[in-house]
Amino acid sequence: MGRVISRKATISAAQVALSAVTLAALRAMPPAPPALAEKRDAVQPGVPGPHSVRPAHPTMPLYQPVATAALSSEQETVYPVTLPVTTIGRALDNAINLLDPAVSRQHARLLLENDGWWIENISQRNPLRVDGVKIAPGARGRVRPGQTIQLGSSRLQLLAPLVTPARAGERSASQTTGDSIGRPPLNPLSPGVTLQFALRGRLSRSARWALLAIALVIFLASAILTLDVAALAGQAALANGGLRQALTALAIPIAPALGVALVVSALDRYEREPPIMMIAAFLWGAIIAIPPALYIERALSSALAPLLGAVSGAGALALAQAAAQAATAGVTEELVKGAGLLLLLLALRDELDNVTDGVIYGALIGAGFAMVENIVYFAVTPRAELGFLIIGRIALGWLTHSTFTALFGAGLGYIRETRDRYARWLAPLGGLLGAIILHTYFDFIAYVAAFAGAARTRASFGPLGRLGGALPPVAALAAYAPLFLVTLALLNITLQALRREAATVRAYLAAETLTGAVTPDEYLFAQNARLRSMVEREYGLRFGLRAYLLARALFQTETGLAFRRWHVEMGDPPKRSDRQPEDAYLERIPRLRRALARTVAQ
């Protein structure tokens, strides 16, 4: 596919040139735990053992914290091998520069010869090892794809097809020639491999059609009820401020939804979610969740009204009303929104791969719900108070509902990353409880500030009511400061999950590179989100939209294969079908590669 030319031979500084083939990749590995080192020493010299192919580290830190340690940025590097002779050492003029004091300035040369790969120790006194076999200074030894080269404390795994690789500049026929297989579909709304296997074997064909019909009826009924709410809000907007306010109520709430979409696109970096699923998540929040939330909230408000009537004193009554309204909204809305995430986990488990996916789907559901809620607020609020609404719900609060629901999504996503039985219950329950508490607290502060600012109840709130003009900023600080802190914490959790995603791709595509299912070029691109996006854009700019879509589909299929391998190792049962998702991925990858080669050659 292409050649990666890099400054200091690191992927982080790579620039893409699609004119040559990467021969292999050297994947930096963490220091081997003692148990693995002992096992490695027992392997027959010169033959790659299972640990060389199967991921020894990077994808299971959540349930094996003792045996695995976090990788540093240097250890996460994957180095491209683009020439038949590759120098390795501490000096900056090496093709691969290792910042390791135990490595010589000029330590080794990796050689591609007619009979395969060789490693030569060119240091004066420091040894190197190939899968535990020592190679003395001045000597050389064979290194097979999948084996680990150790220089000092650095470990590099050679990733190349196990067959004799081609020399630089040569391309295999499968990369350049066409075949009789038709063009793969490139519909952006295609469900992909995962959804094709979601219900296969679990339901009969008639049951699937019946389920689809029920889902369609529920969606249409919810859409009618939601449109009815929007129509009532539109009438209120026309009554309050005329056509201008009605258009404002429809237009302004779209901005936060677009902002959430941009955030989601930035976070969806490796195992990208199908657009149809992201649209469905947004519609769950914007259409399906609205009617039950309104109905339940009204029913609870009616049930609590007699209890609130028994409270004496204007101030006490206002506080009780604020607490009741906040708790009603917090519990009801988070349960209704969270039901969409729970349904996703139960019905389409393979689409919720990890914490990142939970955050993405939760944020989209929250964005849809917030958009409709904002339309109602902007419609019924007097024009004189629209400025406060824009500041509170758009400028400062555009991520409120997304943050609430993403907390539960992160907890559900954690189920897919851990084998700990207790964590599988505590994480989602903790996420849901956190969402309810944060939502309830936020609404309580808003309701109290509204009651304290009203002239008829101001005196009943004592010092709080006498704050006057200082009340809005004090209330804003009390409400938004915890929200911003939780949002930042959630962002940090998501970034950590993204690092685990990258480690998953690096580990589980390594074996596919050895078998030849994934080329070294594709491995280099797929395991680095920034480089992958750069390559996809380069294809689009040079060869058009079809090449861009094919490149995206190819990398997505390969990352999907890596995640499928990971989940199988985590204990996911096989599908009730003779054909498994990994079979579909492995069939789809060469089709996409050939189609991309044909598109580039045209």
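Restricting Arg416, Arg456, Arg466, Arg424 to those that are surrounded by fewer than 18 Cβ atoms within 10 Å (Cβ to Cβ), within 25 Å of the chain's Cα centre (by Cα), modelled with pLDDT under 95 and basic (Lys, Arg) reduces the list to Arg424.
Candidates are the residues of segment 282-304 that are of a type in the set (Ser, Thr, Tyr) and without any contact (Cβ under 8 Å) to a residue 24 or more places away in the chain; the one that is farthest from Ala406 (Cα to Cα) is Ser302. Filtering segment 485-499 for residues that are touching a residue at least 12 places away in the same chain (Cβ under 8 Å), of a type in the set (Ser, Thr, Tyr) and over 18 Å from Val600 (Cβ atoms) leaves a non-empty set. Arg183 meets each of the listed conditions (1) over 30 Å from Leu348 (Cα atoms); (2) modelled with pLDDT under 90 apart from (1).
Checked against the criterion of being in a helix (DSSP H, G or I), modelled with pLDDT under 75, open to solvent by less than 80 Å² (accessible area, probe 1.4 Å) and within 24 Å of Val505 (Cβ to Cβ), the candidates Ser190, Ser174, Ser265 yield just one match: Ser174.
For the condition in a helix (DSSP H, G or I) and in contact with a Gly (Cβ under 8 Å, 6 or more places away or on another chain), what is the one hit in Phe388, Phe378, Phe444, Phe408?
Phe408
Scanning segment 535-551 for residues that are out of contact with any Lys or Arg (no Cβ under 8 Å at 6 or more places or on another chain) and open to solvent by 60 Å² or more (accessible area, probe 1.4 Å) yields a total of 6.
This table checks each residue for (1) of a type outside the set (Gly, Ala, Ser); (2) out of contact with any Leu (no Cβ under 8 Å at 6 or more places or on another chain).
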position: Leu488; (1), (2): yes, yes
position: Leu509; (1), (2): yes, no
position: Ala517; (1), (2): no, no
position: Asp521; (1), (2): yes, yes
position: Arg537; (1), (2): yes, yes
position: Arg542; (1), (2): yes, no
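Evaluate the following for Gln321: is it among the polar types (S, T, N, Q), exposed (fewer than 15 other Cβ atoms within 10 Å of the Cβ) and either assigned to a helix (DSSP H, G or I) or out of contact with any Lys or Arg (no Cβ under 7 Å at 6 or more places or on another chain) (or both)? Spelling it out, it is not the case that Gln321 is among the polar types (S, T, N, Q), exposed (fewer than 15 other Cβ atoms within 10 Å of the Cβ) and either assigned to a helix (DSSP H, G or I) or out of contact with any Lys or Arg (no Cβ under 7 Å at 6 or more places or on another chain) (or both). Of all residue pairs spaced 6 or more apart or on separate chains, those with beta-carbon atoms under 6 Å, a first member in segment 142-155 that is within 14 Å of Trp118 (Cα to Cα) and a second member that is open to solvent by 10 Å² or more (accessible area, probe 1.4 Å) and outside any strand (DSSP E or B) are Arg144/Pro48; Pro145/Leu162; Gly146/Pro48; Gly146/Val53; Gln147/Pro48; Gln147/Asp131; Thr148/Asp131. Taken over segment 242-260, the criterion of being touching a Leu at 6+ places or on another chain (Cβ under 8 Å) and among the aliphatic types (A, V, I, L, M) is satisfied by Ala246, Val260. Report yes if some residue within segment 355-373 is in a helix (DSSP H, G or I), of a type in the set (Gly, Ala, Ser) and farther than 28 Å from Leu227 by Cβ; otherwise report no. Yes, segment 355-373 has at least one match.
If I filter segment 158-166 for residues that are touching an Asp or Glu at 6+ places or on another chain (Cβ under 6 Å), modelled with pLDDT of 70 or more, open to solvent by less than 50 Å² (accessible area, probe 1.4 Å) and more than 30 Å from Ala286 (Cβ to Cβ), do I get at least one hit? Looking for residues that are touching an Asp or Glu at 6+ places or on another chain (Cβ under 6 Å), modelled with pLDDT of 70 or more, open to solvent by less than 50 Å² (accessible area, probe 1.4 Å) and more than 30 Å from Ala286 (Cβ to Cβ), one finds none in segment 158-166, hence no. Restricting segment 87-146 to residues that are among the polar types (S, T, N, Q) and open to solvent by 60 Å² or more (accessible area, probe 1.4 Å), the residue that is modelled with the highest pLDDT is Gln106.
Tallying residues that are in contact with a Phe, Trp or Tyr (Cβ under 7 Å, 6 or more places away or on another chain) and among the basic types (Lys, Arg) within segment 530-544 yields 1. Scanning segment 226-273 for residues that are over 22 Å from Leu491 (Cα atoms) and within 33 Å of the chain's Cα centre (by Cα) returns Thr226, Leu227, Ala230, Ala249, Leu250, Ala251, Ile252, Pro253, Ile254. Residues of segment 515-529 that are surrounded by fewer than 24 Cβ atoms within 10 Å (Cβ to Cβ) and within 23 Å of Pro30 (Cβ to Cβ): Ala529 alone.
The values are calculated or read from the model by the stated rules, or taken from the named source; none is laboratory data. Being a predicted model, the structure only gives us computed values, none of them experimental. No Cβ is skipped: glycine too gets one built from the backbone with ideal geometry, and neighbour counts run over all protein chains shown. Just so you know, the surface numbers come from the protein's heavy atoms only, side chains and all, with ligands and any DNA or RNA stripped out. Shrake-Rupley method; radii C 1.70, N 1.55, O 1.52, S 1.80 Å.
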